[in-house]
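Please read the structure below before turning to the comments.
The values are calculated or read from the model by the stated rules, or taken from the named source; none is laboratory data. Just so you know, these numbers come straight off a predicted model, no measurement behind them. Using ideal geometry, Cβ is built from the backbone for each residue, glycine included, and neighbour counts are taken over all protein chains shown. Keep in mind that these areas ignore ligands, DNA and RNA; they rest on the heavy atoms of the full protein, side chains included. Shrake-Rupley method; radii C 1.70, N 1.55, O 1.52, S 1.80 Å.
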Amino acid sequence: KIAKADAKHQKLHSEKRKKDNSERKVGNEIFDKLTLETLYKLANQGYIDILNGAISTGKEANVLTGIDKNENFLAVKIYRIATSDFKKMDYYLKGDPRFNIKTKNKRKIIYSWVTKEFKNLTRLYEAGVRVPKAFTSANNVLLIEFIGDETGNPAQPVKNQPPKNPDEFFNKLLVQFKLFVNEAKLVHGDLSNYNILNFNEKPVIIDVSQSVVLDNPISRELLERDINTIVHEYRKLCVKTSFEEVWEYLDCK
Ligand code: ADP
Ligand code: MN
């Protein structure tokens, strides 16, 4: 079925070719040979049965919806080798005691990056943070819980769908933020309303590949940046808060 989905995808793209060249390029990049082989492997292992359309086409990754053999939706995050920022990946990986990579091989760096997102999601989930449950990862592909409704509509990032009650939502977010730092002992590193989904007026934090352990020497700087971003964004939504208030609430040890 993946092969069928891919053929359909390619067909779609060949129809669109005249209209949009850059999109076609992205399409070819998602389904390079190794990515397809990885998807086939995941299909054979029973993780994924059908691959549907894209939810998001980012600079470094594409997120698609899939369906597993029990007809449950899942989110399929596929990292693109060609457009990834290896300098950034190296910077975030090198201070992490869980990873010790001394390679210049771009494919291996991406695979470590995906493994890092998988490990971070698992660690967060076990610490009780509301993140998508991670099912498995293989090479540049990550399979995670789909956040959305039962018809396959994905929850929107808060940036696109602001909360109905920002004060209430912000308080829920702070609870998650505190668990993130104090229980999972991780710093997100790119926390913003782009990476917080509004799932029935409850926050779900996503995109944790760059998240670092508190032991990482860059964690303090990243935490301060995350707090500043959040404070700025929620102030714009008329929530009365400040860096100091959030810092004290998080009660970092
Ligand atoms: P990146 O920003 O690196 O492209 P993200 O992990 O932030 O990757 O995912 C990109 C977008 O895909 C998100 O903004 C969100 O709209 C969607 N998305 C990601 N994960 C899920 C998920 N588990 N369920 C539903 N939508 C998701
Ligand atoms: Mn993101």
Inset, instruction - Quick one: angle between helix 219-236 and the longest Cα principal axis of the chain, in degrees between 0 and 90, rounded to 10, please. - result: 90 degrees
Inset, instruction - Tally up the carbon and sulfur contribution to the accessible surface of the range 163-234 as a whole percent, 1.4 Å probe, everything protein left in place. - result: 49 percent
Legend entry - Packing rank of 94-103, 216-225, where each peptide gets the mean count of other beta carbons within 10 Å, highest leading: 216-225, 94-103
Legend entry - Residues of the range 107-133 with amide N under 20 Å of the 7 Å Cα→Cβ point at Leu34: 107-119
Inset, instruction - Hey, can you find the accessible area per residue of the range 149-245 for me, probe 1.4 Å, expressed in square angstrom? - result: 48 Å²
Legend entry - Förster-model FRET efficiency, 25 Å R0, Thr151 and Tyr194, C-beta, rounded to 0.05: 0.55
Inset, instruction - Could you list which residues have their amide H under 5 Å from that of Gly148, counting only those 5 or more apart in sequence or on another chain, with H placed in the peptide plane? - result: Ala155
Inset, instruction - Multiply the residue separation of Ala127 and Lys88 by 0.36 nm, subtract the distance between their alpha-carbon atoms, and state the gained length in nm to one decimal. - result: 11.4 nm
Legend entry - Carbon plus sulfur fraction of accessible area for the range 26-95, probe 1.4 Å, in percent: 52 percent
Inset, instruction - Distance from a point 7 Å along Cα→Cβ of Lys236 to each backbone N in the range 130-152: keep the residues under 18 Å and list them by number. - result: none
Legend entry - Whole-angstrom gap from the range 42-78 to the range 197-250, using each part's C-alpha centre: 28 Å
Legend entry - Calculated FRET value between Glu71 and Lys185, using beta carbons and R₀ = 25 Å, to 0.05: 0.10
Legend entry - Length added when fully stretched, Ile50-Lys104, from 0.36 nm per residue minus Cα-Cα: 16.0 nm
Inset, instruction - Find the Rg to Rh ratio for the range 53-137, where Rh is the Kirkwood radius over alpha-carbon pairs and Rg uses the same atoms. - result: 0.99
Legend entry - Debye intensity ratio I(q)/I(0), log10, the chain, q values 0.09, 0.12, 0.14 Å⁻¹ (C-alpha model): -0.42, -0.74, -0.99
Legend entry - Ranked by how many other beta carbons lie within 10 Å on average, peptides 40-52, 148-160, 195-207 from highest: 195-207, 40-52, 148-160
Legend entry - Residue-by-residue Karplus 3J(HN,Hα) for the range 115-131, coefficients 6.51, -1.76, 1.60, Hz, glycine and proline x: 4, 5, 5, 4, 5, 5, 4, 5, 4, 5, 4, 5, 7, x, 7, 7, 10
